[in-house]
Amino acid sequence: MSRIRTFLSHGIFAVVAVYAVVTLAFVVIALTPDPGEAALAHSLVRQGRGDQLEAKLRAYRAARNLDVPVTTRYARWLVDITVLDWGRSFATGRSVLSMVREGLAYTLSYVVPGVVVGTAGGIWAGLSTARDSASNAGRGLSVLSYAAFGVPSFWLAAVFFVTVAPKLSWFPDRLPTTGPFSPEVLLFLAPAAVIVAVNVFAGQLRYARTKGSEYFQSDFVRQHRAVGVSRRKVMWYVLRVAAVPLLAVSLADLIAILVVNVFVVEYVFNVPGVGFLTYQAVLDRDMPVVLGMTMVVALAGIGANFLQEVANTLLDPRIGDGGGAP
């Protein structure tokens, strides 16, 4: 199979998977009784306006298209999301796409630097630990990785706000309103980026150390060492050989770490990013926003898996060219 056919097959599978995930979210939300109706009925009865109950419930359902059959709603919704018309929030009346863009900007402003630093540091530390596993530095990095992996994100955030933030007179006490990529906001989100980096660092170090240990004991590394190749070049050769298996085993774990951290960090820091908006939309049963944010998470996870397959194909010439050597 040629590489182009490989890319196309992976791309088609990714598109189908995205629609499958958001369809499942639609079904779960659509078939679950709406607590908003019960809250509205309770409020009217307490106010002595029970005679208006039926009319108010009909108006409530009509405003949310709940008076339309589920199959019809699904068909309309499927067309709308395909043409990038994700509707409007029931709670705020804002366009869901504008809320997604704004929330994604806040999330990316601390996730991207955290992932870059954590991934680069974790891979370097993991390979260094695998190369010098018996050294004090290797043992220290191993202990550090276990500690970083075991410390919950919410605990790190709480400790920062309770013990560190009050002593920093220059640190904002709340999220500035100057925009997601302004210096003030980036300063406020720097601890969030550090928390993401710590968790990513721990996961990447663990995988890099495991794969590095396999390759540092291989014959080609021993041959390079025997002919006097420098330690830096040996590290680079091992990284190139381990790139495909390392990417395959670490990417799924990376996405899981990020999803958990985004929800926890944004709730603690009160950041209006993707995680916080999703949490609020679930509480408000704001179906358009929930589905929009689910779309973002699905695109992130499945898109990352697609990019992993593309990278595997490009890095390993045996993939997509009919297997190994003849």
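Only the coordinates and a few stated rules stand behind these numbers; no lab work does. Treat the numbers as computed from the prediction; the structure is a model and nothing was measured. Ideal geometry is used to build each Cβ from the backbone, glycine not excepted, and the neighbour counts take in all protein chains shown.
Under a point spin-label approximation (7 Å from Cα along Cα-to-Cβ), what is the ARG222-VAL68 distance to one decimal in nm?
6.9 nm
So if we plug the beta-carbon distance of THR23 and SER43 into 1/(1 + (r/R0)^6) with R0 = 35 Å, what FRET efficiency do we get, rounded to 0.05?
Working: r = 33 Å, r/R0 = 0.95.
Efficiency computed from Cβ-Cβ geometry: 0.60.
Rg(Cα) of the stretch 1-157 divided by 2.2 N^0.38 Å? Intermediate values should be presented prior to the final figure.
Working: Rg = 25.3 Å, N = 157, 2.2 N^0.38 = 15.0 Å.
Dividing the Cα radius of gyration by 2.2 N^0.38 Å gives 1.68.
Once the dipole of the stretch 97-315 is set up with Lys and Arg at +1 and Asp and Glu at -1 on Cβ about the Cα centre, which of THR177, ALA130, PRO272 lies farthest towards its positive end?
ALA130
For ARG88, list long-range residues whose amide hydrogen, built 1.01 Å from N in the peptide plane, is under 5 Å from its own amide hydrogen.
The list, which skips near neighbours in sequence, is VAL96.
About the Cα centre of the stretch 149-301, what is the dipole size in debye to 20, counting +1 per Lys and Arg Cβ and -1 per Asp and Glu Cβ, all else neutral?
Numbers: 12 positive and 8 negative charges, 197 e Å.
About 940 debye.
Based on Cα positions only, what radius of gyration and what Dmax would you give for the chain, in angstroms?
Expressed in Å, the Cα Rg and Dmax of the chain come to 24.9, 91.
I want to verify a result. In a Gaussian network model of the chain, Cα cutoff 10 Å, which of these has the top mean-square fluctuation: GLY103, GLY179, GLY212?
Residue with maximal mean-square fluctuation among GLY103, GLY179, GLY212: GLY179.
Could you give the length gained by full extension between VAL143 and LEU283, i.e. 0.36 nm per residue of separation minus their alpha carbon distance, to one decimal place?
Numbers: separation 140, 0.36 × 140 = 50.40 nm, distance 3.95 nm.
Length gained between VAL143 and LEU283: 46.4 nm.
Only four residue types carry charge here, +1 at the Cβ of Lys and Arg and -1 at the Cβ of Asp and Glu. Report the dipole size of the stretch 3-82 about the Cα centre in Debye, rounded to the nearest 20. Can you show the working numbers first?
Numbers: 10 positive and 6 negative charges, 53 e Å.
Here the size comes out at about 260 debye.
Which value at 222 nm does the chain reach when only helices count, each DSSP H run of 4 or more adding -39,500 (n - 2.57), with the total divided by all residues and rounded to the nearest 500 deg cm²/dmol? Spell out each step's value before the answer.
Numbers: 12 runs with 244 residues, N = 326.
Using -39500 (n - 2.57) per qualifying helix, the result is -26000 deg cm²/dmol.
If I take every Cα pair under 8 Å that is 6 or more residues apart in the chain, average their sequence separation and divide by the length, what percent do I get for the relative contact order?
Reported relative contact order: 28 percent.
Work through the residues other than ASP80 whose Cβ is under 14 Å from its Cβ and net out their charges, Lys, Arg +1 and Asp, Glu -1. Before the final figure, lay out each step's value.
On the way: positive: ARG73, ARG76, ARG88; negative: ASP85.
So the surrounding residues net to +2.
List every DSSP H helix in the chain whose Cα atoms extend 24 Å or more along the helix's own long axis and whose mean Kyte-Doolittle hydropathy is at least 0.5.
Going by DSSP H runs, the hits are 3-31, 96-131, 183-216, 231-269, 287-315.
Picking from SER182, SER145, SER43, which is most flexible by a Gaussian network model of the chain using Cα springs under 10 Å?
Ranking SER182, SER145, SER43 by mean-square fluctuation puts SER43 first.
Limiting things to C-alpha atoms, what are the Rg and the maximum Cα-Cα separation (Dmax) for the stretch 112-237, in angstroms?
18.8, 59
To the nearest 20 Debye, how big is the dipole of the chain about its Cα centre, given +1 on the beta carbon of each Lys and Arg and -1 on that of each Asp and Glu? Don't jump to the answer; show the numbers that get you there.
On the way: 28 positive and 20 negative charges, 154 e Å.
Once rounded to the nearest 20, the dipole reads 740 debye.
Given a 10 angstrom Cα cut-off, can you work out which residue in MET293, MET99, MET235 is the most mobile in a GNM of the chain?
Comparing MET293, MET99, MET235 in a Gaussian network model of the chain, the most mobile one is MET235.
Just name one of GLN52, TRP77, THR107: the one whose Cα is farthest towards the positive end of the charge dipole of the stretch 25-128 (beta-carbon charges, Lys/Arg +1, Asp/Glu -1).
Of the candidates, GLN52 comes out farthest on the positive side.
Once you have the Cα-Cα distance between ARG231 and VAL79, take 0.36 nm times their residue separation minus that, and quote the gain in nm to one decimal. Walk me through the numbers before you get to the answer.
Details: separation 152, 0.36 × 152 = 54.72 nm, distance 5.64 nm.
The ARG231-VAL79 span can extend by a further 49.1 nm.
Taking the convex hull of the Cα atoms, report for the stretch 3-82 its projected area averaged over all directions, in nm². Kindly include the intermediate steps, with their values, before the conclusion.
Details: hull surface 25.1 nm².
In nm², the orientation-averaged hull projection of the stretch 3-82 is 6.3.
Determine, for HIS10, HIS42, the number of other Cβ atoms within 10 Å of each Cβ, and report the residues in order from fewest to most. If you can, show how the numbers build up before the last one.
Working: HIS10 18, HIS42 10.
Neighbour counts put them in this order, fewest first: HIS42, HIS10.
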